[in-house]
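The values are calculated or read from the model by the stated rules, or taken from the named source; none is laboratory data. This structure is a prediction, so every number in the text was calculated from the model and none was measured. Here Cβ is always computed from backbone atoms with ideal geometry, including for glycine, and neighbour counts include all displayed protein chains. Note: areas computed on protein heavy atoms with side chains; ligands, DNA, RNA excluded. Shrake-Rupley method; radii C 1.70, N 1.55, O 1.52, S 1.80 Å.
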Amino acid sequence: HPHLPAGPELGDRITRALGSTLTLETQNSLRDGGGFRRIVDGLVSISIPSLAATNPSAARKFMKVTRNMTTIRYGKHEMQKIELFMPSGTTQCNGVLFFVHGGAWGSGKPWMYRLIAPPFVELNMAVAIVGYRTYPTADVPGQVEDLERAAATLYKERKFLFHERRREKCGICLMGHSSGAHISLLMLVDRMKRQMNPSNHRIDDFHFTSYVGLSGPYDIGHHFDYEAGRGVEELSPMKPACGSTRRSFRDNSPASRLMSNLVDVDETSTALLSQYFPPSLLLHGIEDSTVPFTATSEAGRIIRS
């Protein structure tokens, strides 16, 4: 493809060298013992001073938004929390952004994404940055369940945010980045299945009115092959988090799960599909070397069909 590099870039050469240098046992130990998470999250943490020095305005904005943050716990684990940012004067709130961070299924924390909030808060939207248990504490089904619990808790504790008037303005937007785009879209597909099945007694507290996916790997089998080409398939948490088998990869791919869900649905429900699946926007940078942009174009094609 003209937008993809003809050969391996520096990052790929480094990861391939790591993959060939570290034994398989060492790679799996780092991945499954939480070493990957500690290294990645640690690198982000120690980079903060230098980032603040090079971009002081962003640092000031980070401190300002942090002062106006409320933490909501939805589980006993330390990762099961929501960082909530409200516009000044809650009566003016025009909608809710429910943001799911990325981190290759095995790293990332809500505080790393706080600068997501200010542009939306300025539009008088509430912003909920959702933390969830990353691998090895939880696999993908566990992470999706965390998102559901977070959504239910936010609705229960801040019900006024979901008033009809707010849905008519900016709405309730579900947004995910990278692996967060993957698990948030899985949650959306699972919610759609419940809503289309009249015999399902579980009723969601609210419906998302829109979805935005940023640079997401939506086909796990294809992304595993891509990671293998980069030499990180045994170090990355993706393989065990998504079930380790090709069948599990397919089952944990949102577009594939969507198609599977529609197989046994009657024509009447299929005709009303737009009522269950909200307007969606999938975005991807064409120079992304961690997740190729073709992942988004392929997912978009399947969802449209």
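Annotations
- Most to least accessible of 193, 156, 81 (protein chains only, probe 1.4 Å): 156, 193, 81
- Annotation: per residue accessible area for the chain equals 50 Å², rounded to a whole number [probe 1.4 Å, protein chains only].
- Antiparallel bridges, percent of DSSP beta bridges restricted to the chain (to nearest 5): 30
- Sequence ranges 51-57, 144-150, ranked by mean other-Cβ count within 10 angstrom, highest first: 144-150, 51-57
- Rounded percent of accessible protein surface that carbon and sulfur make up, the chain, 1.4 Å probe: 55
- Relative contact order computed over the chain (Cα-Cα under 8 Å; 6+ residues apart), in percent: 19
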